[in-house]
Amino acid sequence: MDKYNIDELNSMQLDVLREIGNIGAGNAATALASLLSDKVDMAVPVLRILELDEVTASIGGPENPVVGILLAMSGDISGLIMFVLEDKFFGMLIKSILGKDCDDLMSLDEMDLSMLKEIGNILAGAYLNAMAQLTGLTVKISPPDIAADMAGAIMSLPAAMFGMVGDKALIIREEFIKGERITSHLIMVPELDSLNLILKRLGVM
């Protein structure tokens, strides 16, 4: 049986992965609403497949201030996953949960980063739970690592790590709506065997 790379996926396979993204985004919005004790709506997420050197541009360019939460996937599925929160997003979370203003990356302290790390863990888990439910596969995630910096700096180390897993990434851009639109990005690089196992379980191999 032939194996598919990310850039070789056909429209049906992409539609199935997009549906996982839709369900995962819904799970993430529900989890976020529970954490904030408030209603959170969301726009339809956008799934793209990009070269690793295109990822930084897709998350706002190298000078965009972001927080990145990096996790490793293991179990039946191996690979890397990163949640990237733009400034409006992490500012809203800190204001809503910790009750203080956060104007920029330089304002973040250890408590802020610890809280954001846990939020990223929960939101990434929401997506992976959707994948596990639809495929019947077991997906575990490592304890998260977090960094706050410009997008170019945030992506420099993960890009090298991603490159050891695959040469392209699945990017899901989502806009949560809570008074205003706040943007996050889920970057996933599954290992080749894991990608093909997912497609097989979803019946689109």
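Values quoted throughout were computed directly from the atomic coordinates according to the rules given, and no laboratory measurement underlies them. The structure presented is a predicted model; accordingly, all values stated were derived computationally and were not measured. Here the Cβ positions follow ideal geometry from the backbone for every residue, glycine too, while neighbour counts run over all protein chains shown.
Observations on the model:
- In region 7-109, the trypsin sites (Lys or Arg not before Pro) that fall in loop regions by DSSP, at most 12 other Cβ within 10 Å: K39, K100
- Order of M188, M73, M115 under a 10 Å beta carbon neighbour criterion, fewest first: M115, M73, M188
- Cβ crowding within 10 Å, taken as a proxy for footprinting-reagent exposure, orders E8, E86 from fewest neighbours to most as E8, E86.
- Sorted by Cβ neighbour density within 10 Å, fewest at the top, the residues S194, S11, S34, S58: S11, S34, S58, S194
- Number of Lys-Lys pairs in region 6-201 with C-alpha atoms under 26 Å apart and a separation of 8 or more places or on different chains: 18.
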